[in-house]
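Take a look at the structure set out below.
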Amino acid sequence: MLQVEQVSHSFRNAGGVIPVLKDINLTVSAGEMVALLGSSGSGKSTLLHLMAGFMKPDTGSIRIAGQDIVKLSENQLAEYRRFHIGYIFQSYELIPNLTIRENVELPLLFLRVSPSKRKKKAMELLAQVGLTDKSGLFPSQLSGGQQQRVSIARALITEPSVIFADEPTGNLDTSTEEEVLAILHRLNTDLRTTFIIVTHEAEVAAQMGRTITLQQGHLVDNRQSPIAM
């Protein structure tokens with residue numbers, strides 16, 4: 001479903017070229033839950049941003065559902081992301097003056113889906129994450145864990161091929177982290193949604209089906225997690 005082949009990437013600044021990723025190869029099958037594990041500076045967030053189409057690698061290919069997104073123009077890539085890619089941010093990124101339901105609906109507004117269909121789909125997903133009774137509230141009226149559940153519902157609403165999550169439990173306490181991870185696992189089981197999750201916590205990675213470990217820009221480990229065996 002997702003194939004990364006010979007991907008390398010560097011950042012450039014006044015001091016010169018800084019290599020970040022070097023010859024990364026990996027494959028993720030449909031329906032997998034995969035953790036990208038690594039310390040700060042390992043390259044895991046850069047790899048996530050490349051796979052999500054937020055930037056392009058220096059070399060290599062990234063195929064999602066058969067499409068090499070590296071070859072797409074910026075406009076084509078923006079259109080492709082709308083239909084095939086969902087993204088969960090660590091800091092939620094909800095729009096404060098929209099209600100919870102309106103935040104979840106937002107991707108469908110850009111796709112020109114009718115108001116009635118947007119509302120119906122948003123309410124279905126809010127039910128999936130246990131927030132039906134909060135649909136008319138605003139983000140500031142919710143806890144951090146509830147806001148993250150809203151962002152999960154928003155990421156799912158276009159039924160994307162894959163959902164990328166950047167430290168989705170990084171701002172949560174231990175109890176709320178467990179609740180959010182349980183929701184992701186249930187959605188993976190019920191909807192067969194593919195998740196690729198960046199984390200620096202080995203405990204979180206161990207709960208995914210497979211862990212890919214990055215170290216100084218290199219893929220150093222790629223193994224099935226004990227919990228999935």
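The figures follow:
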| quantity | calculated |
| --- | --- |
| Computed helical MRE - 222 nm, the chain, DSSP H runs ≥ 4 contributing -39500 (n - 2.57), nearest 500 | -10500 deg cm²/dmol |
| Of Asn188, Asn103, Asn13, the one that fluctuates the most in a GNM where the chain has Cα springs shorter than 10 Å | Asn13 |
| Spatially proximal lysines relative to Lys117 (Cα-Cα < 25 Å; intrachain offsets below 8 disregarded) | Lys134 |
| Folded to 0 to 90 degrees: helix 115-128 orientation relative to the chain principal axis, Cα | 70 |
| Net charge contributed by nearby residues that have their C-beta within less than 14 Å of Ile95 (K/R +1, D/E -1) | -1 |
| 0 to 90° range, to nearest 10: angle between helix 74-84 axis and the chain longest Cα axis | 60 |
| Nearby aspartates and glutamates by direct alpha-carbon distance to Lys44 (threshold 19 angstrom, same-chain neighbours under 8 apart not counted) | Glu5, Asp23, Glu32, Asp58, Asp166, Glu167, Glu201, Glu203, Asp221 |
| Heavy-atom accessible surface of the chain: percent carbon and sulfur, 1.4 Å | 50 |
| Reach of Lys71 by Cα under 19 Å, taken over lysines that are not fewer than 8 positions away in the same chain | Lys56 |
| Accessible area, probe 1.4 Å, largest first, for residues Thr132, Thr174, Thr194 | Thr174, Thr132, Thr194 |
| Part-to-part distance (alpha-carbon centres) for the range 120-178 and the range 70-105, which is given in Å | 14 |
| List Arg63, Arg210, Arg112, ordered by accessible area with a 1.4 Å probe, largest first | Arg112, Arg63, Arg210 |
| Residue-by-residue Karplus 3J(HN,Hα) for the range 136-147, coefficients 6.51, -1.76, 1.60, Hz, glycine and proline x | x, 7, 9, x, 5, 8, 10, 6, x, x, 5, 5 |
| Exposure rank, largest accessible area first [Lys120, Lys134, Lys44; 1.4 Å] | Lys120, Lys134, Lys44 |
| Accessible area of the chain divided out per residue, in Å², using a probe of 1.4 angstrom | 47 |
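The values are calculated or read from the model by the stated rules, or taken from the named source; none is laboratory data. Treat the numbers as computed from the prediction; the structure is a model and nothing was measured. Reconstructed Cβ throughout: ideal geometry from the backbone, glycine too, with neighbour counts over all protein chains shown. Note: accessible area is taken over every heavy atom of the protein model, side chains too, but ligands, DNA and RNA are not part of it. Shrake-Rupley method; radii C 1.70, N 1.55, O 1.52, S 1.80 Å.
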